[in-house]
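Please treat every number below as a calculation from the coordinates, not as lab data. The structure presented is a predicted model; accordingly, all values stated were derived computationally and were not measured. Glycine also receives a Cβ, built like all others from the backbone with ideal geometry; neighbour counts cover every protein chain displayed.
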Amino acid sequence: MLEIGSKIDDARVDGSLRRLTEDLNYYAELGLKAVELPPHGLDVIRNGRLDMRRTGRVREILKAYAFRYSLHSPDPINLMDMDNHEIHVSVLRSSLEFASEIGAGAVVYHPGRFVPEERFPLNDNTELSCSEKERLLNIEARVVTALAEEYPGVTICMENARPYLFHSPYSYAERLDTLKQQVLRINMNNVKINLDFGHLFLASKLYGFDPVEAVNQVNKLIGHTHIHDNCGKADFYHEKQQTRLIPFGRGDSHMPVGWGEVPFKDILSRFIASYDGIFMMELRSRYFEHIAESADNLERIVTGLLCNNPLQVAPLRNEQRVMQ
């Protein structure tokens, strides 16, 4: 059953379970049916280990709602960081453990970066050899395979990465074709692609490929989605202030559906018929008041595509409010 949901913003919640509850109540009021949780925003992982007491408190809060849950593992995880490899593996494993504890079916994971964003300011322009990149890809594949075997009830969804001016290509996952190769290398039933619409659109403009055809080539591997809008203009890694980017249509804006130029209908049409995952909106917290508008716009697009199959499209959202 297809369902529309929204993320809990890690910086907005910032460890506050009171704020988590408030936002869950609001999402229930909006009729959303799914929620993506950030373990790093809930303080359930410390130094690579899952805090079971804190996890229990979060689990009790979540039980009051009928949401379908997914999880977004901490963004800095990089299984290609050989200097700090063990902690990255531990944080991803703890994310999967947390998902199992709360009944989340999917865990989003940012694939390995040959050059991590943390090193961008060093500007050393390090270019790895093809053999070194292949070695890192194999290391990542072995770890993800082992974790997928360890947590067979959770689907690891590898997200296509956003591109940056000057520093791209820093990750193989900026392009869906090379992300597909890695998912096929791993070859596990519970390892899929998390299709990030905004990242896809930015990459298609920077690298000059057709985003719709790119999705057509991976449509059977899509296990989860991140849905947000932008205008297709990549920015530099240090440009973070949205008020300075929006007037020029630049950056990974994470705007509400319909505010930018992402061709949602065309992209969705390439995989929606066989997709049974969540349509997870991933808006910046500055757009919190526009989540309902984004959901309305998305629902109209999805309903239009599935108008000949009402059993698949209904209900994407509901109207009842769940009270804490």
Amide H contacts of D196 (H built 1.01 Å from N, under 5 Å, at least 5 apart or other chain): N160, H226
Summing +1 for each Lys or Arg and -1 for each Asp or Glu, what net charge is found among the other residues whose Cβ lies under 12 Å from the Cβ of V257? -4
Give the residue from N160, L176, G56 lying farthest towards the positive end of the charge dipole for the chain; charges sit on Cβ (+1 for Lys and Arg, -1 for Asp and Glu) and the dipole is referred to the Cα centre. G56
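Filter the cross-link list K33/K192; K133/K180; K33/K205 down to pairs whose alpha-carbon distance in this structure exceeds 27 Å. Walk me through the numbers on the way to the answer.
On the way: K33/K192 22 Å; K133/K180 16 Å; K33/K205 32 Å.
K33/K205, as the Cα separations exceed 27 Å there.
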Can you run phi through the Karplus equation (6.51, -1.76, 1.60; θ = phi - 60°) for region 45-60 and list ³J(HN,Hα) in whole Hz, with x for Gly and Pro? 10, 10, 6, x, 10, 7, 7, 5, 5, 5, 4, x, 5, 5, 4, 5
Per residue of the chain, what 222 nm ellipticity follows from adding -39500 (n - 2.57) for every DSSP H run with n ≥ 4, rounded to the nearest 500? -11500 deg cm²/dmol
Between E132 and N47, what FRET efficiency comes out of the Förster formula 1/(1 + (r/R0)^6) with R0 = 25 Å and r the beta carbon distance, rounded to 0.05? 0.30
Counting only residues 5 or more places away or on other chains, whose amide H sits under 5 Å from the amide H of K233 once H atoms are built in the peptide plane? G251
Please arrange C157, C231 by counting, for each residue, the other beta carbons lying within 10 Å of its beta carbon, fewest first. C231, C157
For log10 I(q)/I(0) by the Debye sum over Cα atoms at q = 0.10, 0.11, 0.12 Å⁻¹, the listed values are (i) -0.67, -0.79, -0.90; (ii) -0.54, -0.67, -0.81; (iii) -0.78, -0.86, -0.95; which was obtained by calculation from the structure presented? (ii)
The answer for I278, listing residues at least 5 apart or on another chain whose modeled amide H is closer than 5 Å to its amide H, is T225
Charge dipole (debye, nearest 20) of region 3-305; +1 at Cβ of Lys and Arg, -1 at Cβ of Asp and Glu: 300
Cα centroid distance between region 94-111 and region 38-52, in Å? 12
Karplus-derived 3J(HN,Hα) from phi for region 14-22 (6.51 cos²θ - 1.76 cosθ + 1.60, θ = phi - 60°), whole Hz, x at Gly and Pro, runs 6, x, 8, 6, 5, 5, 4, 4, 4
Phi-based couplings in Hz for region 216-225 (Karplus 6.51, -1.76, 1.60; Gly and Pro marked x): 4, 7, 10, 4, 7, 9, 7, x, 6, 9
Considering only C-alpha atoms, what is the centroid distance from region 253-268 to region 148-182, in Å? 20
